[in-house]
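The values are calculated or read from the model by the stated rules, or taken from the named source; none is laboratory data. Keep in mind that what you see is a predicted model, and the values were worked out from it rather than measured. Glycine gets a Cβ as well: all are built from the backbone with ideal geometry, and neighbour counts include every protein chain shown.
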Amino acid sequence: MKRALVFVAVVIAVLAAGTPAYAQQDRKAAIVVTAPSGIGVLLPVNDQVAIRPEFFFSKTSTENASTALTTKFSSWQLGAGVSGLFYMGKPATFRTYWSPRFVVTHQDSTSTGTNSNGTNSYSASGSFGAQCALGDRFKVFGELGLNYGWLNVGVSTTLSTVTAKTRSFGTRSAVGVAFSF
């Protein structure tokens, strides 16, 4: 988990180090909100390339009670990712791009009868996207592509520890808005 977060931080630092002065109007940094549930920043490198680091988090707590048994479950999740946006064509109000993306997620959960459950998951994806500027400071975008993920699960109880590995492949989609500042 730590190595993957360091990797994401290094990629962001290397790509951001080459950022030129923002002399042109289309090269504005922006706050990005994506669905399903990410918050990030869009950082233009030049007219054809931008990077989009993002993060997400969630906390869940559940308690079920009956006259004979009460069960409790709690979980938190934290993730970070980085996308590269490689635009096709010249700057315009409507632009298409392709985007490689890498995400690292860590989740910890506890429940009645289990001490802890730690999960690290990773995913790499490639998407095709389109964005439309709706003024100087507001853009909307959508992406569709393929995703490959791998998951390492560790479950610890008072008696034993179990680990498992899972691999997944499927589609990825996202929509979002970007607010320039």
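Descriptive notes on the structure:
- Hey, SER75 surrounded by 15 or more Cβ atoms within 10 Å (Cβ to Cβ) and either at negative phi or touching an Asp or Glu at 6+ places or on another chain (Cβ under 6 Å) (or both) or not: yes
- Of the residues in the stretch 141-154, at least one is within 20 Å of the chain's Cα centre (by Cα), at pLDDT below 95 and among the polar types (S, T, N, Q).
- Subset of the stretch 126-153 (residues that are buried (at least 17 other Cβ atoms within 10 Å of the Cβ) and either more than 20 Å from PHE102 (Cβ to Cβ) or touching an Asp or Glu at 6+ places or on another chain (Cβ under 9 Å) (or both)): SER127, GLY129, GLN131, ALA133, LYS139
- Residue in the stretch 122-140 that is farthest from LEU151 (Cα to Cα), counting only those that are aliphatic (A, V, I, L, M) and under 19 Å from the mean Cα position of the chain (by Cα): VAL140
- Yes/no for SER121 being at pLDDT 95 or above, among the polar types (S, T, N, Q) and either within 22 Å of ILE31 (Cβ to Cβ) or surrounded by 18 or more Cβ atoms within 10 Å (Cβ to Cβ) (or both): no
- Selection count, the stretch 26-43, where residues are of a type outside the set (A, V, I, L, M, F, W, C), within 19 Å of TYR97 (Cα to Cα) and at pLDDT below 95: 4
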